[in-house]
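Since the structure comes first, as structure tokens, the remarks are kept for the end.
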Amino acid sequence: MLGKIVAAIKNLIFGWARSIGDTVKRLVEPSRAFVGAARDAVRPRTELVAENALLRQQLIVACRKIKRPAL
């Protein structure tokens with residue numbers, strides 16, 4: 001009986017902690033995007049162009065119909 005009560009309280013506390021963690025994640029996410037945009041605003045253009053080219057290449061590889069080109 002006591003074990004069931006302790007388990008119920010434990011589940012309740014973990015549920016609250018999970019809920020609080022989810023709320024914090026939702027609140028912090030927009031600030032990360034803002035920080036990233038602010039950082040990009042002061043980065044040299046050459047760095048941004050190089051990063052853009054790398055990301056485009058990754059998309060090309062990810063969207064291939066054939067997973068590996070034949071040698």
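The values are calculated or read from the model by the stated rules, or taken from the named source; none is laboratory data. Every value quoted in this text rests on a predicted model; they were computed, and no experiment measured them. A quick note on method: Cβ atoms are made from the backbone with ideal geometry, for glycine too, and the neighbour counts reach across all protein chains shown.
Laid out as a table, the results:
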| item | result |
| --- | --- |
| Segment 39-58: number of residues that are within 18 Å of the chain's Cα centre (by Cα) and modelled with pLDDT of 85 or more | 2 |
| Pairs with Cβ under 7 Å, 6+ apart, first in segment 44-61 and without any contact (Cβ under 8 Å) to a residue 24 or more places away in the chain, second of a type outside the set (Gly, Ala, Ser) and assigned to a helix (DSSP H, G or I) | Leu48/Asp40 |
| Output for segment 20-60, where each listed residue is surrounded by 10 or more Cβ atoms within 10 Å (Cβ to Cβ) and among the hydroxyl-bearing types (Ser, Thr, Tyr) | Thr23 |
